[in-house]
Amino acid sequence: MLNREDFIFTIGYDGPIAVVDKQAKKKFGKLSTKELAEKGLFRPAYSSAVYSGNKEEIELVAEVYSRLQGRPVDVSSMDRLFGVSLVDVKRSLLI
């Protein structure tokens, strides 16, 4: 499994290798899920919540996203909305 920072800034996969946004990881990698959401980085925030497995964090991201969008978002649709799911990948490539 990838470490948290690699997982939340994965932008795609090249076979069994996760492709990671190196600049975003360096700039925002240490932020908490809440801090990422408050900065408007919803995909990384949701990825962080999924990685932690904490339902409260997932609900927090949904709440902040809903507030900014002006309409409620269903927590069950967030995986599809942000294109995030846990994948068992061992290596990452920073670009």
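Laboratory data are not the source of any read-out in this text; all were calculated from the coordinates shown. Values in this document were obtained by computation on a predicted structure and should not be read as measured data. Methodologically, a virtual Cβ is constructed for each residue, glycine included, from the backbone with ideal geometry; neighbour enumeration extends over all protein chains shown.
Taken residue by residue, region 55-62 has no member that is of a type in the set (Asp, Glu) and either closer than 14 Å to Glu5 by Cα or out of contact with any helix residue (DSSP H, G or I) (no Cβ under 9 Å at 6 or more places or on another chain) (or both). Picking from residues in region 1-45 that are part of a loop (DSSP other than H, G, I, E, B) and under 16 Å from Leu81 (Cβ atoms), the one that is farthest from the chain's Cα centre (by Cα) is Gly40. Among the residues making up region 45-72, those that are hydrophobic (A, V, I, L, M, F, W, C) and buried (at least 16 other Cβ atoms within 10 Å of the Cβ) are Ala45, Ala49, Val50, Ile58, Leu60, Val61, Ala62, Val64. Close contacts from region 81-95, counting a first residue that is closer than 16 Å to Ala62 by Cβ and a second that is part of a loop (DSSP other than H, G, I, E, B), with Cβ to Cβ under 8 Å and a gap of 6+ residues or different chains, come to Leu81/Val73. Please pick out the residue among Ser52, Ser48 that is within 12 Å of the chain's Cα centre (by Cα), over 18 Å from Leu81 (Cα atoms) and not basic (Lys, Arg). Matching residue, one of Ser52, Ser48: Ser52.
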